[in-house]
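Following: one structure in structure tokens, then a few remarks.
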Amino acid sequence: MAIDTSKVATSNSSAATPAKPGRAGAVATWADERLGLAGMAKKNLRKVFPDHWSFMLGEIALWSFVVLLLSGVFLTLWFTPSMSEIHYEGSYDQMRGIAMSEAMASTLGISFDVRGGLLMRQMHHWAAMLFIASMMIHLLRVFFTGAHRKPRELNWVIGSLLLLLGTLEGFTGYSLPDDLLSGTGVRAADGFMKSIPVVGSYMSFFLFGGEFPGDSIIPRLYIIHVLLIPGLLLALIAAHMLLLVYHKHTQWPGPGRTEENVVGFPMLPVYAAKAGGFFFIVFGVTALMGGLMQINPIWLYGPYDPSKVTAGSQPDWYMGWPDGALRIMPGWETHLFGNFTIAWNVFLPIIVLPGLMFTILMLLPFLEAWITGDKREHHLLQRPRNAPTRTALMVALMTFYGLLWMAGGNDIIAIKLNSSINTITYMLRFLVFVGPIIAFVITRRWCISLQRHDNEKLLHGYETGIIMRSPEGGYSEKHLPINPSAAYVLSARERDEVYTVEQETDENGIPAPASRAKALRAKLSTLWFADNVQAPTAAEIEAAHHHADHEHELQAALDGHAADGHQFDGHHSVEGDPLRGSDQH
Amino acid sequence: MSGHSDNLPVADDGNPGLPEHTWRPTDVDPKAEKRAERQVAALFGLSAVCAVLFVVAYFSLQVGDNHDTVLGLGASNVALGSALGGALLFIGIGIIQWARKLMADHEISELRHPAASSDEDRAATVAALQAGLEESGIGRRPLVRNSMLGAIGLLGAPVVVLLRDLGPTNAQVADAATGQGLEHTVWKQGVRIVRDVVGTPIRPSDIEIGDLFNAEPATIFETDEDGEPLIEGVPLQVAKSKGAVVLIRMDPADNTPGRGRKNWSVDGILCYSKICTHVGCPISLNERKTHHLLCPCHQSTFDLADAGRVIFGPAARALPQLPIAVDSEGYLVAQSDFTEPVGPSYWERDY
Ligand code: HEM
Ligand code: FES
């Protein structure tokens, strides 16, 4: 790369001066003689990371996990995971003398008797929300831009597992303080388990160490929360990052960016600085949230009592959608041979449905690759509009999720809309089936019309907003060609290739009937790409531009002005350059 | 640009290449550069100030019961959070500003390689693997291989049985006398129905038509001669989690007793389990006029004037009813335990 550094201040000079071996050098040599790090570092210190705002979403998840580790360890120093009953004697007046578990009492202790304790508790809870929310949005970004395609399918699977484990980690976490709200959640979880055919009551008795509530559940949830799941999360996050480095990050197509290269800033210094700085920002934002926004004020709920419940009990928001499914499920139950009971009303919405949704989520990349028959590697991202069926599929899933999430607040919605909860529930029962279909169709058509619009811009330029009157009196809007780099971005996309069954012939040269699976696949592939608009070929663009140039020339000759017209596109100064024709009328 | 590959975008041939690098003001104007440098250092300075403020707030502001003095939160919490937030944010913003304004900003490009290993590597790996397997003789000695696989597989058995003592099963704890197990509660003949929290017994005349009482079995309040509770700890929690009931009084003409339940009530007073048959929330919301009881968790609604039938929501089973009577002293008591399990359904439930 030849850069004229003569006029450049010291800041941007990358001319390396050989370093004098100093103290740091001696340490590095010592370490390298034992660890041989230079070999690996050589490749990675200047590793290229492409830049785009949407690549930050995964980083938020990563950094909020670090905040969770740090604040969580702080909490363990005071939290007592025990269900032994004691009488609270801490600073919080209203609860003094009340019988509660040690878990609850120690959480009150963290909140009222440890300086900075409430801050850490609230930061921990806010960071948990941030962690799960950013994972979800990151997942959507990956899918909508096609970053889940080969070779990154396994990282998609790892990411899905992280989301599942993060959700479970959140649930075990907010169950720990043993307040009325969390105890209600744990009891519901007990009911969920009991609905599982054959083994349900055994699972419940084993988990609770006997009959609900017992005195084992908090210590057990505790070790799951601070050791088991964090360990798994850490291992999976490490694998996620290693694969990211191995595959190299995807990038948006653009001038100089191809499937074969990766363009961006080097790991050292710019990417490391930006990512490291971003860690402090995520950490700082969580600290502000913990300091200024109240969350989970357990002292207002009181200790858990199995005969009490708070009105309007609701789990943390990320548990809302299965809770909604549970709410709108009809009360079905089957009695088998008069001896056994299957509680479909619980088992289907809370055990089967989340399992099914999660399986679908994990299989999405494989499903898409099978339908499209695409076996190539993909490193350039796609705009959502350029994969209409994929985009529509995810929007349909999001609609399903969103409607169930709404159902999780059907009582609140009923009050807000001043409508009966029965009406809301019946409507949602219908909508969860119809809503996703409508969303699918609308999204798909929308994407396709956006594709068409892109092609218009490529072939005929953009709309200038200038209305012209032809000598014959007709009106038309003036279009101008878009700049070459924007045009390249629009045209730099693959043409869709529909999977077709290859005509196989047996040794006698007679065509073999295509297997059913292949035929199905070909049909699905056709539907997958149906009506998509393909990017124009270079020749088509050429022809369109040629046509436009020709028109300009003709007009220029007519009114004696420069035909270019770029000066009226809002990007140039037009002083002293009256609109064409204004001086004639 | 290298040759054409079908993996490249169609317009690749027209790829204009990386746009030329443009210099930032801080690259070409020493004044701008100095300004940026001072800006970044000032941000780091602000962070240091916040860190000091954090320490000051830690020692000067009390925690304790004054937890809602500022913004509905304790002064200490607000001060510590803001100071820590500032200390961290200013470092973050400072570093990013440094990267954006002062660090070299030419984008560089790196070639990608297919994720797959090269054919030679694959062949070498397969060869090495085959040599290893060949030398182990695992293919030639099925007896050794199969007995080893069998032995390792059977190691699963110790793992599984080791977890067996996680807890007793329902069948093991079931005991009608102490009310343990999913089929029983502490209710039995003659157990008084008492007010929850205070534990005082209830006469029929205490309840007016339309009233709903939250009640418990007297068992959980009983004490021995020294005043020590008879049940406490886990058994108490278990007893509460299944024994909680509601008492409701309605005009007897409004009530449609279930089959065989004609004499389960006393003067229009009925007693139902408070534990929702859906997934077990305690139910609490009463609609006075309609005798409907609503569960706050998922809005199952039960008609207490119709044997606890489900009239709305995801619950599948009616609320269990407790048959009640009046004892010799005129207090409400149970005639027996519930005649069916309370709470959510489970597989072994046989009716
Ligand atoms: C992905 C990771 C994690 C998530 C999503 C998470 C989530 C939560 C949540 C929501 C709570 C309830 C906080 C409250 O009281 O409002 C909690 C409590 C707790 N967490 Fe975590 N946590 C995570 C990791 C950790 C780690 C790594 C540790 C320790 C090594 C930890 C230790 C604790 C402790 C001791 C409590 C109970 C104290 C309390 O409730 O105040 N957590 N967690
Ligand atoms: S627990 Fe009562 S409706 Fe779900």
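Things worth noting here:
- Among residues of the stretch A:181-196 that are at positive phi and within 16 Å of ligand 1 (Cβ to nearest atom), none has a beta-carbon under 6 Å from a residue that is basic (Lys, Arg) and in a helix (DSSP H, G or I) at least six positions away or on a different chain.
- Boolean, B:ILE152 is open to solvent by less than 40 Å² (accessible area, probe 1.4 Å) and not in a loop (DSSP other than H, G, I, E, B): no
- Of all residues in the stretch A:96-129, those being crowded, with 21+ Cβ neighbours inside 10 Å, more than 10 Å from ligand 1 (Cβ to nearest atom) and not small (Gly, Ala, Ser) number 3.
- If only residues of the stretch B:229-256 that are part of a loop (DSSP other than H, G, I, E, B) and within 14 Å of chain A (Cβ to nearest Cβ) are counted, the one that is least open to solvent (accessible area, probe 1.4 Å) is B:ALA244.
- Between B:PRO252, B:PRO168, the distinction of being in contact with a Phe, Trp or Tyr (Cβ under 7 Å, 6 or more places away or on another chain), on the phi < 0 side of the Ramachandran plot and without any contact (Cβ under 8 Å) to a residue 24 or more places away in the chain belongs to B:PRO168 only.
- Residues satisfying the stated conditions in the stretch B:302-342, i.e. open to solvent by less than 10 Å² (accessible area, probe 1.4 Å), touching a Phe, Trp or Tyr at 6+ places or on another chain (Cβ under 8 Å) and within 16 Å of ligand 2 (Cβ to nearest atom): B:PHE302, B:LEU304, B:GLY308, B:ALA315, B:LEU319, B:PRO320
- Of the residues making up the stretch A:40-59, at least one is basic (Lys, Arg), surrounded by fewer than 17 Cβ atoms within 10 Å (Cβ to Cβ) and assigned to a helix (DSSP H, G or I).
- Residue list for the stretch A:262-278, restricted to those being part of a helix (DSSP H, G or I), at the interface with another protein chain (Cβ under 7 Å from one of its Cβ atoms) and open to solvent by less than 40 Å² (accessible area, probe 1.4 Å): A:VAL270, A:ALA273, A:GLY276, A:GLY277, A:PHE278
- The stretch B:206-217, residues that are open to solvent by less than 90 Å² (accessible area, probe 1.4 Å) and more than 14 Å from chain A (Cβ to nearest Cβ): B:ASP206, B:ILE207, B:GLY210, B:ASP211, B:LEU212
- Applying the criterion of being charged (D, E, K, R) and modelled with pLDDT under 95 to the residues of the stretch A:350-376, the residue that is least open to solvent (accessible area, probe 1.4 Å) is A:ASP374.
- Pairs with Cβ under 9 Å, 6+ apart, first in the stretch B:311-324 and free of Cβ contacts under 8 Å to residues at least 60 places away in the same chain and within 10 Å of chain A (Cβ to nearest Cβ), second open to solvent by 20 Å² or more (accessible area, probe 1.4 Å) and in a strand (DSSP E or B): B:ILE311/B:HIS292; B:ILE311/B:ASP303; B:PHE312/B:HIS292; B:PHE312/B:LEU294; B:GLY313/B:LEU294; B:ALA316/B:VAL310; B:ARG317/B:VAL310
- Long-range neighbours under 7 Å by Cβ, at least six apart or interchain, first residue modelled with pLDDT of 95 or more within the stretch A:63-82, second near ligand 1 (Cβ under 8 Å from one of its atoms) and charged (D, E, K, R): A:LEU75/A:ARG121
- Single residue of A:MET203, A:MET289 found to be away from ligand 1 (no atom under 16 Å from the Cβ), open to solvent by 20 Å² or more (accessible area, probe 1.4 Å) and part of a helix (DSSP H, G or I): A:MET203
- Any hit, the stretch B:68-80, residues being more than 7 Å from chain A (Cβ to nearest Cβ), in a loop (DSSP other than H, G, I, E, B) and open to solvent by 30 Å² or more (accessible area, probe 1.4 Å): yes
- Test: residue in the stretch B:286-294 that is within 10 Å of chain A (Cβ to nearest Cβ), in a loop (DSSP other than H, G, I, E, B) and among the β-branched types (Val, Ile, Thr): no
- Residue match in the stretch B:259-282 (condition: over 30 Å from B:THR169 (Cβ atoms), free of Cβ contacts under 8 Å to residues at least 40 places away in the same chain, within 16 Å of ligand 2 (Cβ to nearest atom) and part of a strand (DSSP E or B)): no
- Residues satisfying the stated conditions in the stretch A:77-95, i.e. part of a helix (DSSP H, G or I) and open to solvent by 50 Å² or more (accessible area, probe 1.4 Å): A:ASP93, A:GLN94
Every residue, every condition in (1) in contact with a Gly (Cβ under 8 Å, 6 or more places away or on another chain); (2) of a type in the set (Gly, Ala, Ser); (3) more than 7 Å from chain A (Cβ to nearest Cβ); (4) more than 30 Å from A:ARG46 (Cα to Cα), yes or no:
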residue: B:ILE95; (1), (2), (3), (4): yes, no, no, no
residue: B:LYS101; (1), (2), (3), (4): no, no, yes, no
residue: B:HIS113; (1), (2), (3), (4): no, no, yes, no
residue: B:GLN130; (1), (2), (3), (4): no, no, yes, yes
residue: B:VAL144; (1), (2), (3), (4): yes, no, yes, yes
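- Selected residue (criterion: surrounded by the most Cβ atoms within 10 Å (Cβ to Cβ)) from residues of the stretch B:273-289 that are in contact with a Ser or Thr (Cβ under 9 Å, 6 or more places away or on another chain) and hydroxyl-bearing (Ser, Thr, Tyr): B:THR277
- If the condition is being among the β-branched types (Val, Ile, Thr) and either within 16 Å of ligand 1 (Cβ to nearest atom) or surrounded by fewer than 19 Cβ atoms within 10 Å (Cβ to Cβ) (or both), then the stretch B:290-301 contributes only B:THR290.
The values are calculated or read from the model by the stated rules, or taken from the named source; none is laboratory data. Quick caveat, the model's predicted, so the values are computed rather than measured. Positions of Cβ are backbone-derived with ideal geometry, glycine not excepted, and every protein chain shown enters the neighbour counts. Ligands, DNA and RNA are stripped out before the accessible areas are found, and what is left, the full protein with its side chains, is counted by its heavy atoms. Shrake-Rupley method; radii C 1.70, N 1.55, O 1.52, S 1.80 Å.
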